[in-house]
Amino acid sequence: MADKHCDGYLRFTTRNNVEFMVDSADKVQALVDDCNAHGMMPVGGTGAGVTNIVHTQGWVHCHSAATDASGLVKSMMDELMDYFTTKRLPSKLRLAVACCVNMCGAVHCSDIALVAVHTKVPTIAHDNFKNMCELPTVIASCPTRAISPDPAKKSVKINDAKCMYCGNCFTVCPPISIKDPERDGIAIVVGGKVGSLRSAPKFSKLVIPYISNDPPRWPKVVAAVKHIVEVYASHARKHERVGEWIERIGWERFFKLTDINFTFQSIDDFTFMRDTLRTASTFKW
Amino acid sequence: MKKYDTPMLDELEKGPWPSFVTEMKKAGKKNEMANDAVGHLEKCFTTKVGYWKHGGIVGVLGYGGGVIGRYTELGEEFPGVKHFHTVRLNQPSGWFYTSKALKEICDIWDKYGSGLTNMHGSTGDLVLLGTTTDALEPLFAEFSSRGWDLGGSGSDMRTPSCCIGPGRCEWTNYDTLDLIYNLTQEFQDELHRPMFSYKFKIKAAGCACDCVASIARADLSIIGTWKGDIQIDQAEVKNYEKNGMDINGEIVSMCPTQCMSYDGTALTIDNSECNRCMHCITRMTKALQPSGERGATLCIGSKAPIVVGSLLSWVIVPFIKLEPPYTELKDLIRKIWDWWDDNAKPRERIGEVIEMKGMRSFLEAIGVEPQPQQIKEPRKDPFMFYTEEDIAKFKANEEEEKKTGKYNF
Ligand code: HEM
Ligand code: HEM
Ligand code: SF4
Ligand code: SF4
Ligand code: SF4
Ligand code: SF4
């Protein structure tokens, strides 16, 4: 395509789209027509719509993966295709997928993002521990200090009540195992952005804590994302990003409009608790 | 070659969006490794669990970064992915290629690896997925002979990346493409030889739109900005209105600092109150244009949530000029690394170290004065530190006040 229309030049964007550049407006239509005729080169992703989904490695290539990223992306984009080829949303909508809480792909600042989560305390193959792991590193790896030495077993033990399944111990010590086919799942976070237009950059916040892993097409996950996109599309004001819309109407209103069940998981009990609890009696019913 | 039944993956060949499965299968027709990668992936989909093992340490001679070891637990069943290492190639600034260059890369990769790629990783590299330990040296030799080099991995400076900037964008406040090329050349040692306590990412965006997500994904975020007034072309403002834009609704009332007004004939901006957020400029590109001195704001510390929560980068230097040879920035980066080196525990990102040791220690080490632009609001608690020098300074000031009879708060 680049050889035929662009003297062989092309580039990739920060969100992994291909860009073909031409040096005159007359050459655009032929290029677009050719892309469309190709069948596997949808043209879009600009302006107030959905662009390509930034995602991570998944089962294709990472040891940490609690789900597959490419499969989720393909399943979502098949459903959201119209928003890729048109500019009908109030503002741009950035989607992302991370296949574990390491979040290689900047999921933490996207309009809507999926994060694959583990939900069970890791198990430890104690016999291998002393050969494969460094005790201080493993203890230090745990953000909630759930890990302590187990001298009798020449290994470590995990305090179940403190573990929030981040998998960091597993990353530094192979005999620790955290994957579980029936318990690994997907959480959905919304309302983040990276640009500073109008309001400061924002983190995405947790609204749906868990949906079971359901390959190859994760229908419930896809439906949830599409639902949030549609509620946003019909309620936000022009130019408002998802996070700006929600901050204007309030999170209590967001949960009502989307009819998403509010759960304990959405109340921060980790490092951001102080900043995120409500300190005024002025909220909406 | 083994033939795999892939009923799960076949589902992902349906639908209008391009299918990664179709592409993987195409590669699998001519490449054993890619073929086994398809079979291996089908197994993951069927059992709902992954089989990749923790990466071992592999690499090429003289380099500590750029290759990530990857092995599967199922090497017997899928011998083609028994070793399946990732190679990161340093992308060109702005990801500009010729088809000839890409074909060359893919031909070499077909010869030594699976032929599968990620275009690109979220740090920026061109990611080559899947090769064996034996193939690393010859493939590296061949890539280097064509002018390509490896990117970063592990505890090193990761491959820097930038927005398209002057390659196409009229809003850029400095040459992002040149800066990133220049920094990559300058810090080759830090890129290829991991000697930090953890990764360090640098991303350069030409303006506050931040198309490269630097504020969220880079330990050092470089975000272009300007100091002059926004130039207004009133005729173009009228044109936007004529074409259906509600100037008051869409522009004036959405200005975060409320520094604009429009009376139906002329748009005015109180530039001293504008915080350069880019909203109005991006909506009325033809009517509004920044002017005056150009440069960037430097922010530090953003990262993904592991281990104790995500961070967005914090402003440290409100304004720096960015012109070749970028000496001031390079000196500052070296000071940042020195302080990080002195204070970090293993696997601690710079943002985490600043949280532990305090912004003061960091700013003093890199020689930056405290300024209100660095904070959202001042501290809320009274538990601050005073050094002997601080007190001496306060006292000296009060002595001075007694002499002049004039308070200096
Ligand atoms: C001439 C002007 C601009 C150029 C050349 C430009 C270029 C780009 C490109 C090529 C991408 C990657 C897009 C993709 O792959 O889907 C991108 C992403 C992005 N752009 Fe722009 N852009 C421009 C204007 C803007 C404006 C007006 C905004 C804000 C309203 C903006 C904010 C962003 C953001 C936030 C991202 C995504 C970053 C991320 O989350 O990965 N850009 N930009
Ligand atoms: C072996 C397992 C892993 C694999 C296969 C993997 C893969 C990748 C790849 C391919 C990239 C993009 C690289 C580039 O563009 O140059 C990346 C970026 C990243 N990785 Fe990983 N990664 C792994 C482990 C981790 C771990 C353990 C963490 C965190 C503790 C992590 C956090 C990140 C982050 C934060 C980014 C950058 C995101 C950004 O720049 O926006 N990764 N990873
Ligand atoms: S998000 Fe987690 S599982 Fe996915 S590629 Fe990154 S480290 Fe691996
Ligand atoms: S999974 Fe995370 S929280 Fe649980 S023990 Fe391991 S490091 Fe600690
Ligand atoms: S960050 Fe700013 S300068 Fe860079 S491409 Fe985006 S809009 Fe243009
Ligand atoms: S750049 Fe932002 S703050 Fe400045 S005038 Fe425009 S909308 Fe207002």
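The values are calculated or read from the model by the stated rules, or taken from the named source; none is laboratory data. Here the structure is a predicted model, which is why all the values come from computation and not from measurement. In this analysis, Cβ positions are derived from the backbone assuming ideal geometry, glycine residues included, and neighbour counts consider all displayed protein chains. These area figures cover heavy atoms from the full protein model, side chains too; ligands, DNA and RNA do not enter into them. Shrake-Rupley method; radii C 1.70, N 1.55, O 1.52, S 1.80 Å.
Around B:GLY62, what is the net charge, scoring Lys/Arg as +1 and Asp/Glu as -1 over all other residues with Cβ under 14 Å from its Cβ? Combined, the nearby Lys, Arg, Asp and Glu give -3.
Tally up the carbon and sulfur contribution to the accessible surface of the protein assembly as shown as a whole percent, 1.4 Å probe, everything protein left in place. After summing per-atom areas, the C and S share lands at 54 percent.
Our note on the geometry: Cα centres of segment B:60-118 and segment B:223-251, 47 Å apart.
Taking the C-alpha atoms only, the angle from helix B:388-404 to the longest principal axis of chain B is near 20 degrees. Residues with beta-carbon under 12 Å from that of A:ARG11, excluding A:ARG11: net charge, scoring Lys, Arg +1 and Asp, Glu -1? My count for the surroundings of A:ARG11 gives 0.
Each principal axis of the Cα cloud of segment B:1-156 was taken in turn, and the coordinate range along them, longest first, works out to 42, 34, 27 Å. With heavy atoms of protein chains only and a 1.4 Å probe, what residues of segment B:72-111 have at least 10 Å² less accessible area in the full set of chains than alone? For segment B:72-111, once contacts with the other chains are taken into account, B:PHE84, B:GLY94, B:TRP95, B:PHE96, B:TYR97, B:THR98, B:SER99, B:LEU102, B:LYS103 lose 10 Å² or more. Beta bridges assigned by DSSP with both partners in the protein assembly as shown are antiparallel in approximately 80 percent of cases. When Rg and Dmax are taken over the Cα atoms of segment A:117-233, they come to 18.7, 59 Å. Chains B and A together bury roughly 6200 Å² of accessible surface, counting both sides and using a 1.4 Å probe on protein heavy atoms. By the Stokes-Einstein formula, at 1.306 mPa s and 10 °C, segment A:1-60 with its Kirkwood radius over alpha-carbon pairs has D equal to 122 µm²/s. Net charge of the neighbourhood of A:THR282, taken over other residues with C-beta under 14 Å away and scored Lys/Arg +1, Asp/Glu -1, is +2. Across q = 0.15, 0.18 Å⁻¹, segment B:286-394 modelled as identical point scatterers on its alpha-carbon atoms has Debye log10 I(q)/I(0) values of -0.81, -1.08, in the order of the q list. Taking a straight Cα-Cα cut-off under 27 Å and skipping sequence neighbours fewer than 8 places away in the same chain, the lysines within cross-link reach of B:LYS406 are B:LYS393, B:LYS395. Computed from backbone phi, the HN-Hα couplings of segment B:4-14 come to 9, 7, 10, x, 5, 5, 4, 4, 7, 8, 8 Hz, rounded to whole numbers (Karplus: 6.51 cos²θ - 1.76 cosθ + 1.60, θ = phi - 60°; Gly and Pro given as x). Over all orientations, the protein assembly as shown has a Cα convex hull whose mean projected area works out to 34.8 square nanometres.
The angle separating the long axis of helix A:219-235 from the principal Cα axis of greatest extent in chain A is about 60 degrees. Here, P(r) means the percent of Cα pairs in each 10 Å bin from 0 to the largest distance; for chain A it is 6, 24, 28, 22, 12, 6, 1, 0. Run the Debye formula on the Cα coordinates of segment A:186-285, all scatterers equal and no solvent, and tell me log10 I(q)/I(0) at q = 0.14, 0.22, 0.24 1/Å. Ignoring solvent entirely, the Cα scatterers give -0.60, -1.37, -1.51. Annotation: Cα Rg of chain B relative to the compact-globule expectation 2.2 N^0.38 Å equals 1.22.
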